[in-house]
1. Determine whether A:T134 is within 37 Å of the chain's Cα centre (by Cα), within 30 Å of B:R364 (Cβ to Cβ) and among the β-branched types (V, I, T).
2. Collect the residues in segment A:243-261 that are under 30 Å from the mean Cα position of the chain (by Cα) and facing chain B (nearest Cβ under 9 Å), keeping them in residue-number order.
3. Given the residues B:A797, B:A706, B:A696, B:A692, which is the only one that is among the small types (G, A, S) and loosely packed, with under 11 Cβ neighbours inside 10 Å?
4. Test A:Y317 against the stated conditions and say whether it is hydroxyl-bearing (S, T, Y) and away from the ligand (no atom under 15 Å from the Cβ).
5. In segment A:289-307, how many residues are surrounded by 17 or more Cβ atoms within 10 Å (Cβ to Cβ) and within 14 Å of chain B (Cβ to nearest Cβ)?
6. Starting from segment B:268-286, take each residue that is farther than 20 Å from B:S396 by Cβ and list its partners that are surrounded by fewer than 18 Cβ atoms within 10 Å (Cβ to Cβ) and hydroxyl-bearing (S, T, Y), counting only C-beta distances under 8 angstrom and pairs at least six apart or across chains.
7. I'd like the full set of residues that are of a type in the set (A, V, I, L, M, F, W, C), at pLDDT 95 or above and either outside the structural domain of B:L675 (by TED's automatic domain parsing) or under 25 Å from the mean Cα position of the chain (by Cα) (or both), limited to segment B:522-553.
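The values are calculated or read from the model by the stated rules, or taken from the named source; none is laboratory data. Note that the structure is predicted; figures quoted are calculated from it, not measured. Heads up, the Cβs are rebuilt from the backbone with ideal geometry, glycines too, and the neighbour counts pull from every protein chain shown.
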Amino acid sequence: MIDQLNAILKDAEGTIAQASDLKILEELRVKYLGKSGAVTEMMKGLGQVPADQKPQIGKVSNEVKNKITALLDQKVQEMEAKAEQVAPAGWDPTLPGRRLTAGGIHPLTAVQKDIADIFRGLGFDIAEGPDLETDYYNFLALNFPPDHPARDAQDTFYVKDRVLRTHTSPIQVRQMENKKPPFKFIAPGRVYRNESIDATHHHIFHQVEGFLVDEGVQFSHLKGILNVFFQKFFGNEIKTRFRPSFFPFTEPSAEVDISCIFCAGKGCRICKQSGWVEMMGCGMIDPAVLKNCKIDDERYTGFAFGMGVERIALFKYGIDDIRLFYQNDIRFLEQFQ
Amino acid sequence: MLISFNWLKKYVAVTAPAEEVVNHIIHAGVEVANVRHPGQNITNVVVAELLSVEKHPKADRLSLTKVSTGSETFQVVCGAKNIAVGQRIPLAKVGAVLPGDFKIKEAKIRDVESFGMLCSAKELGLAEDAEGILILPSDAPLGQDFLSYMGLPDTLFELEITPNRADLLSHVGVAREVGALFNLPVKTPVAIKLAESKAATASKVKVSIEAKDLCQLYTCRVIEGIKVGPSPLWLVQSLEKIGQRSINNVVDVTNFVLHELGQPLHAFDLEQIHGSQIIVRKAKKGEKIPLLDKTERELKEEMLVIADADRPVALAGIMGGANSQVTEKTQTILLEAALFQPGTVRKTARQLGIATDSSYRFERGVDPLGVQAALDRAAALIVEVAGGLMTQNIISVETTTFKSAQVQFRTARTNAILGTNLSEEIQLQILKNLGCKVEKAGAAYQVECPSYRLDLSREIDLIEEIARLTGYDNIPVVAPRISAALSDIRSGIPGEKEIRSTLHQAGYFEAVNSTFLPPNFADKLKLAADHLYRRSQEVDNPIADDQKVLRPTLLPSLLANTQLNLSHQRESVALYEINKVFTLGTDGQVAERFHATAVLAGQAPHAGWTNPARKADFYDIKGLAEDLLAACRVENISWEFNQAASPYVPTQSFIVKNAAGRVILTGGALNPKVLKEYDVNAPCFALEVELAVLAATPKKRQSYMALPKFPEAWRDIALVVPEGVTAAQIVAAVEEQGKPLLKQVELFDLYKGPNLPAGMRSLAYRLSFRADDKTLTDKEVSDKITQIVEHLKTRYAIALR
Ligand SMILES: [Zn+2]
């Protein structure tokens, strides 16, 4: 009987080694170890074996069963491991995956949202105003007297008794008049200038206005907040520089330059070799504007800033012609997803 | 405005190099657009005279010249055509160096020897562009070094002066600024006391001001016996360097003093002044004036003129009249220096479309206390360069006496506004450097501002000056403490977020277009006469005729964008814009609203290798509308079909209204005639959302519903539907009959074809049933299906397939 068992084992070693797929292995498992398999049959016959041989034969038959089981398991593992490494015929994982070809936001909107998000994180609210403004909100309340040359910089479109706003600053007045500080707003919007179009000018463009009015607001705070803004927008290595300038509705007024992101301030074509790029205008809100809004200009002070969305987008993406923004060529738009 | 550094140094002894001066003034808030260095890197160029000009023996286009420097004669080959014997020209001798390190050597040009080069202004670096050789005045001294003759080398600053700094519109003004920045004294030019004749000026001319509110001060002098002619070299040089053309000695002096002191002046030929009378008055109706620019202008009644007894002889502060101009024959001049009200000068100049150096300065404001000094300075210079004698005394008519601005100033306020810690001493020193007079007045200071700084009249103005001159770099950088008061301001356009994300998922790109449309847009869209979009408003002063109308719809711009993209062989164009539209209300007011408009043309988006391309159709744009409405969770809306007018095809259109009957959106296939107008050669679909109506439409509350406890059973039914029965009717009937077990009806197939009787189509639905309290049996579901099918059969003659 022991010989028979060893013969079964030998046979199993041979057939398992030669088995070529998992299905054959499963058949072999049934053949040797199944309900009526060869080893099972032998073990069923154990009852007729003389008592003194029982332990010996029982032990051998168990060993044979375990060995065959181990051989089968090992062979299955080998085959499965092999199967994982072999691709079916015609399989090509380099074919593109199934994608949803999503559309996307316009770069000008994206920049506008990025700006607004930073200031909302700093505690500013969003305000809006009409595109068709009165002369009062667009000019007079902002300290532009009638027939003053300061209006020259803002060539104006007229629509009956209204103007198309030349800047987003009227929103300052609309938000502040007859209300009590503190105020802290970001006001994005489209603005209009009656000038001819070239690579850097368009008769419509977009601005984001920001202003903060409270007790004890100082020019140093304006520098602080714009510094934070530019570092969040362009990166921590960005430096800012403030130069005196003139706007009728702020005093002191400043132009803000930032270090060029393309040459790290060393000078290149984009910054005209200066290392700096003009980014926005700002200043302390002129007391005359606060007075026009019936705000106590001795108790409250504030700052305001206004940036051109196009200018920032041109710079951020290295675009050299503002007209691309308004052509809406999808080959352009899909670059900003 | 051009400022010559050499000229500037006459008034302030600045020793710093030009670069440092530029750097300082930039940081003080003056934009420097350009810095040029005429005459730099030039050696060995002298004044020479052309002795002969002949054709080059071997080259038609070249000349062979002989030139003399007075002591030497050279043979020079020259290519220019503007030369003639007797002219004086700049000669670059052998060994000379021109800008760009261009060295002049002996040369053989087409076998002829040439010793030097005759120079153009461009070759000398004096002009960007120049044709021909620079011809010098005939009195240019032979042999003199060309640079010293021209007052070169020099540095020219091109400054851009902000409208508040009228005081910087002259060399003395810039000198004051440089003096304040470098802490240097400024010498203003003083008129040398010149002899006056016995004759009283008042006996020569009578001056009166009628328009008292438009002219604060009118001063003048009379100079007799002058000789009008060319200006001396120093005067020509000074003006030409800063881009001013020399005209004659009298006009050049007035121009020189304008650029020196900032006070515009005008010289009249007194013999042409009728009645020996100067009247400053408003123009009379229909009055005309011939101007120095050789045009004749008709004047409006509010325009300020200088008139004689009969007629206007100058447009006050803007331009002189041709009827009284100084000519070679002029012997007696009336020299005017006045103060005109800035607003009137600006208004008239703009109305007539004239801008002069004079009007530019009057508009911004000239120094009220500098008028007489400028008059005397100019009179003295005229006598110096044109001879003659001044009559006795100045005439000065004043309507308003100028008072210097007095400002209460607190040094603590400076630090409170700027966030600085500047000492009292530093602050006061800056004000004094600027020409302010400072006196202690209690706890504060009383500051008298200089008359030439009309922009200084309030404490904040002085604080700005202190900030400017200490440098903005010296103001600290501090993070503000932002008070956390809550506001009730809502952010952004309602629904914008949901609409954008739906559109982006659907493959649409955002477009941004101009607000202006051509007036024919309504005809191109084939709009009915009473269409809302025909109630549009035009801009009074459009940039061009085709950009006149404030757009009442975003569609035309998006169609133009579509055309552009299709023209690039793009097969699928899906664009949207969210922006303001403008319509004229019945009240005559222009209303601003937000639209979200989407356009789809060509193929449907999302085609790929597992999702074959197909043409976009009505159901793409309808599906987009459904997705948008679902994303916005609007409630109680109704759909209308076959109702929308052009630009849509009515039978392929939809209008979605809210319970109040207001239109949330309109969409469908665009009229092919409209597409033809926009050269869109592909089927095109659009939808327009009224964002305000969308915002006002009630939204479904988002609330949790318990998950079902019992399983769902579903059955598929394929129906053969006769013509005229709509999907909406079928679904309504199925839903009605399926109550309460039917939970969902979903179309999964549509078939039309040869296997069906003519006019019939087959719709296949999956119906899902569920009870909330038990698992449905097969029979319960089958009974429901039978009921539904029976109903469809009797009600609509629909059969099972
Ligand atoms: Zn750079």
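1. Criteria not met by A:T134.
2. At the first step, the residues of segment A:243-261 found to be under 30 Å from the mean Cα position of the chain (by Cα) are A:255-261.
Listed by number, the list holds a single entry, A:E255.
3. Answer to the check: B:A706.
4. So A:Y317 fails the test.
5. Result for segment A:289-307: 9.
6. B:D269/B:T327
7. Within segment B:522-553, B:V539, B:V549, B:L550 meet the criteria.
Let's see how each residue does on (1) assigned to a loop (DSSP other than H, G, I, E, B); (2) within 13 Å of chain B (Cβ to nearest Cβ):
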{"residue": "A:A83", "(1), (2)": "no, no"}
{"residue": "A:W91", "(1), (2)": "yes, no"}
{"residue": "A:L95", "(1), (2)": "yes, yes"}
{"residue": "A:L100", "(1), (2)": "yes, yes"}
{"residue": "A:T109", "(1), (2)": "no, yes"}
{"residue": "A:Q112", "(1), (2)": "no, yes"}
{"residue": "A:A116", "(1), (2)": "no, yes"}
{"residue": "A:R120", "(1), (2)": "no, yes"}
